[in-house]
1. Report yes if some residue within region 2-15 is under 14 Å from the mean Cα position of the chain (by Cα) and touching a residue at least 12 places away in the same chain (Cβ under 8 Å); otherwise report no.
2. Take region 127-151 and flag every residue that is over 24 Å from residue 62 (Cα atoms) and not in a helix (DSSP H, G or I).
3. Residue check: is residue 115 modelled with pLDDT under 95 and surrounded by fewer than 18 Cβ atoms within 10 Å (Cβ to Cβ)?
4. Contact list please: Cβ distance under 7 Å, first residue in region 134-161 and at positive phi and in contact (Cβ under 8 Å) with a residue 12 or more places away in the chain, second residue surrounded by fewer than 18 Cβ atoms within 10 Å (Cβ to Cβ) and not in a helix (DSSP H, G or I), pairs at least six apart or on different chains.
5. Read through the list (1) in contact with a helix residue (DSSP H, G or I) (Cβ under 8 Å, 6 or more places away or on another chain); (2) in a helix (DSSP H, G or I); (3) under 22 Å from residue 3 (Cβ atoms), then give the number of the only condition that residue 156 fails.
6. Is it the case that region 120-129 has a residue that's in contact (Cβ under 8 Å) with a residue 40 or more places away in the chain, buried (at least 18 other Cβ atoms within 10 Å of the Cβ), in contact with a helix residue (DSSP H, G or I) (Cβ under 8 Å, 6 or more places away or on another chain) and under 25 Å from residue 76 (Cβ atoms)?
7. Could you tell me whether residue 111 is more than 10 Å from residue 51 (Cβ to Cβ), under 19 Å from the mean Cα position of the chain (by Cα) and part of a helix (DSSP H, G or I)?
8. Residue 64 passes all but one of (1) closer than 20 Å to residue 130 by Cα; (2) under 15 Å from the mean Cα position of the chain (by Cα); which number fails?
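The values are calculated or read from the model by the stated rules, or taken from the named source; none is laboratory data. Being a predicted model, the structure only gives us computed values, none of them experimental. With ideal geometry, Cβ positions are generated from the backbone for all residues, glycine too; neighbour counts draw on all protein chains shown.
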């Protein structure tokens with residue numbers, strides 16, 4: 001049960017509908033971070049969002065962004081879930097593993113990012129823009145996770161509940177998916 005009288009919608013969509021003034025800006029932020037111009041693919045950025053959200057134990061955000069990443073990967077939820085479970089053993093490039101380790105350090109604290117983690121990323125070919133985008137996505141998802149869980153929004157219980165939501169986020173974009181969800 002949500003802590004406020006938000007509409008009966010899943011996760012952050014309930015909060016977007018409850019307060020459109022802030023919801024629009026937050027939705028646009030997600031659109032820019034996850035679908036806007038970046039040297040990282042949308043699948044990679046959605047995976048960063050899912051891994052950070054799983055680390056923050058945010059059921060709604062981890063499942064919905066894992067589903068969006070999987071939609072970009074032709075339905076490959078197993079690879080995304082493997083990244084969420086253990087970055088180092090997941091079937092990922094060294095570059096992506098390095099970026100996810102940085103994202104997980106940001107999840108703990110911005111000051112937790114180590115020189116060694118950045119050096120590993122640089123050795124894997126990470127550019128300044130990729131490093132920037134990873135840190136910003138991780139920081140933003142800490143905020144989104146705390147927003148969703150702090151107001152105790154409804155989170156569907158099963159991965160299957162997120163498949164269509166993930167497809168909408170991946171293929172329609174966040175603004176259009178929000179509009180479809182809140183009517």
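1. For region 2-15, residues under 14 Å from the mean Cα position of the chain (by Cα) and touching a residue at least 12 places away in the same chain (Cβ under 8 Å): present.
2. Answer for region 127-151, where residues must be over 24 Å from residue 62 (Cα atoms) and not in a helix (DSSP H, G or I): just 127.
3. Numbers: modelled with pLDDT under 95: no; surrounded by fewer than 18 Cβ atoms within 10 Å (Cβ to Cβ): yes.
Taking the combined requirement at face value, the residue does not satisfy it.
4. Close Cβ pairs (under 7 Å, with a partner that is surrounded by fewer than 18 Cβ atoms within 10 Å (Cβ to Cβ) and not in a helix (DSSP H, G or I)) amount to 152/1; 152/2; 152/3.
5. Result: residue 156 passes all but (2).
6. no
7. In short, no.
8. (1)
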